[in-house]
Amino acid sequence: MSPVKINNNKDLKRGERLSEERKKIWNSRDKFKKDTSMSSNSLESWEKGANISCECLRAIHENGGDVLYILTGERQQATGTDGPIAPISERDLLLEQLKDLKQDKQNLIADKEALKADKEKLTEQLDKALNTIDELRALYNEFQSLKTTAAITTDRARKTRKTNNKASS
């Protein structure tokens, strides 16, 4: 039995099947909207045959709905290379999430170690920079001291010349 199609790529039968599955899971459109955060306009459009969003199909699947039936009109189980594909249970979803969390934890630990190494390198560089600043301050102070000494020596030499010039005159 082929679906009835109308303008704009709409599939009326698919919309009817969506409505049927939605009613099986959620008694009302309001409950569907509340549980899935989907808008009334979107749901109405989908139930009239418009293309259904992935988010809507995911919400239906996660709540036990038959997405294959909505899309194809057939209630038989999909089969994979290893046999029938069972619906994903809440336990399986939690195990997947746990696996993802473990991977995230490993990534965070690796990031933490990398940051620790970076921090150590930056600390070394900062210590070197601070030592260089201290050395430059010491050189500056020595320069200022030499400059002052040179000014005093120059001043004394002038005075001595003036005195010697007065004495020779």
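If I filter segment 25-58 down to residues being open to solvent by 30 Å² or more (accessible area, probe 1.4 Å) and acidic (Asp, Glu), which single residue comes out as farthest from Lys13 (Cα to Cα)? Only one residue fits best here, namely Asp35. Is it the case, given these coordinates, that Ala59 is more than 23 Å from Leu93 (Cα to Cα), among the hydrophobic types (A, V, I, L, M, F, W, C), in contact (Cβ under 8 Å) with a residue 12 or more places away in the chain and touching a helix residue (DSSP H, G or I) at 6+ places or on another chain (Cβ under 9 Å)? So Ala59 fails the test.
Rundown of residues vs (1) surrounded by 10 or more Cβ atoms within 10 Å (Cβ to Cβ); (2) at pLDDT below 95; (3) touching a Pro at 6+ places or on another chain (Cβ under 6 Å), yes/no style:
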site: Asp66; (1), (2), (3): yes, yes, no
site: Arg75; (1), (2), (3): no, yes, no
site: Ile85; (1), (2), (3): yes, yes, no
site: Lys99; (1), (2), (3): yes, yes, no
site: Gln103; (1), (2), (3): yes, yes, no
site: Lys119; (1), (2), (3): yes, no, no
site: Ala129; (1), (2), (3): yes, no, no
site: Arg137; (1), (2), (3): yes, no, no
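The values are calculated or read from the model by the stated rules, or taken from the named source; none is laboratory data. None of the values given here were measured: they were computed from a predicted structure. Backbone-built Cβ (ideal geometry, glycine too); neighbour counts: all protein chains shown. For the accessible areas, the whole protein counts, side chains as well, though only heavy atoms, and no ligand, DNA or RNA atoms are used. Shrake-Rupley method; radii C 1.70, N 1.55, O 1.52, S 1.80 Å.
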